[in-house]
Every structure is written in C-alpha cells, then in structure tokens.
Amino acid sequence: PSALDNRPLTGEEVWERVPQAVLVSATPGAEMALLCGPSPRVTELVVRPTGIPDPHVAVVDVAPLGGYEDHLLAQIEARVARRERTLVTCITKASAEALSDFLSGHGVSSIALHSGVKPLERLRLLAQLRSGELDVLVGCNLLREGLDLPEVSLVCVLNADKQGL
C-alpha cells in the first residue's frame with residue numbers, strides 16, 4: 001500500500017489499516033516485541049535449509065525393557081510399514097555392522113555406513129535409502145555428518161550417554 005501522495009506508508013499508517021498480522025522474523029528483536037504488544041503469542045519454528053522442521057526428541061531408557069534391540073526393531077518396523085526410513089547411530093564401526101546384521105536377520109533392509117565405506121559407495125547407499133531400497137542406515141558419526149533426509153522419520157542414537165557420542 002502507498003499513501004495518496006505516492007509515498008510508502010509509515011509504520012503507524014500501516015498498523016491503522018491492518019487489524020491483525022502474523023509477524024515472521026529470522027531474528028526477532030525489540031521492535032518485533034513492541035509490535036506484538038504487552039502479551040505477545042510467540043511461536044518458535046526452527047526450519048532447516050531443506051525445509052524440514054526440527055524433530056521431536058524423546059529419550060527412551062531401555063534398561064527396564066531388557067535392552068534396546070527389541071524396542072528398536074519395533075520402532076523400525078512401524079516406520080517400514082509407513083514407508084518411512086530410519087537412521088541409527090552407534091559409537092563404533094563394529095557395533096554398526098553388528099546391528100545392521102541383526103536388523104537384516106529380522107527382515108529389515110539395512111546397511112552399515114562408516115569410515116570404511118568409500119565416498120562413492122556412501123552416495124549410492126544414501127540414494128538407496130532415499131529411494132526405499134534400504135529401510136535403515138546404521139552407522140557411526142551420522143550426526144556429525146549432518147544428514148538431513150526428508151524420508152527419514154526416526155533417528156535413533158544408541159548409547160547417547162556414553163563418552164564419544
């Protein structure tokens with residue numbers, strides 16, 4: 001909108017004409033707080049460059065469940081039924097390979113990804129995960145790699161309480 005004399009409206013003139021607004025800012029500051037009034041309703045939404053919102057985080061103590069394997073398998077099978085993918089991160093290459101073998105033995109299409117996998121093979125495995133050929137990618141240092149895949153609906157961090165993760 002512009003004024004009759006073909007100049008931009010001042011802030012005060014805009015707010016006289018706009019009864020309600022949703023204000024969005026990457027860096028909200030004092031001016032935004034003033035515009036929102038004495039009791040603003042503020043909602044924070046963190047969106048990654050890929051457009052994926054930050055996930056819900058749940059901590060599961062698996063000790064009372066008798067270990068993580070059965071719980072993890074049930075969570076993964078629920079995702080597979082919905083045609084969604086899972087990332088599982090472990091502390092060591094050996095544990096990633098062992099878990100991938102365990103999942104494969106239970107009919108889940110999975111593969112271990114670690115530093116022993118060549119870069120071109122990594123890209124092929126990620127493409128297979130995204131296309132649905134693989135259901136689960138098990139690896140170490142997956143969080144450090146910054147994998148942001150829209151097909152992934154579950155990220156499991158095993159032994160998150162241990163040093164090195």
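The values are calculated or read from the model by the stated rules, or taken from the named source; none is laboratory data. Computed from a prediction, not measured in an experiment: that's the story for all the values here. Please note: Cβ atoms are built from the backbone with ideal geometry, for glycine as well, and neighbour counts cover all protein chains shown. Just the protein is used for accessible areas: all its heavy atoms, side chains included, with ligands, DNA and RNA removed. Shrake-Rupley method; radii C 1.70, N 1.55, O 1.52, S 1.80 Å.
Details
- Scan of the stretch 67-93 for residues that are over 20 Å from Val152 (Cβ atoms), without any contact (Cβ under 8 Å) to a residue 12 or more places away in the chain and either part of a loop (DSSP other than H, G, I, E, B) or open to solvent by less than 70 Å² (accessible area, probe 1.4 Å) (or both), ordered by number: Gly67
- Any hit, the stretch 123-144, residues being part of a helix (DSSP H, G or I), modelled with pLDDT under 90 and open to solvent by less than 20 Å² (accessible area, probe 1.4 Å): yes
- Taking the stretch 1-22 as the range and being within 15 Å of Gly37 (Cα to Cα), open to solvent by 100 Å² or more (accessible area, probe 1.4 Å) and either touching a residue at least 12 places away in the same chain (Cβ under 8 Å) or among the hydrophobic types (A, V, I, L, M, F, W, C) (or both) as the test, the residues that pass are Trp15, Val22.
The rows are residues; the columns are (1) at pLDDT 75 or above; (2) out of contact with any Phe, Trp or Tyr (no Cβ under 7 Å at 6 or more places or on another chain); (3) not in a loop (DSSP other than H, G, I, E, B).
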position: Glu12; (1), (2), (3): yes, yes, yes
position: Trp15; (1), (2), (3): yes, yes, yes
position: Val24; (1), (2), (3): yes, yes, no
position: Pro28; (1), (2), (3): yes, yes, no
position: Leu35; (1), (2), (3): yes, yes, yes
position: Pro40; (1), (2), (3): no, yes, no
position: Leu45; (1), (2), (3): no, yes, no
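- Annotation for the stretch 47-66: at least one member residue is under 20 Å from Val155 (Cα atoms), modelled with pLDDT under 90 and in a helix (DSSP H, G or I).
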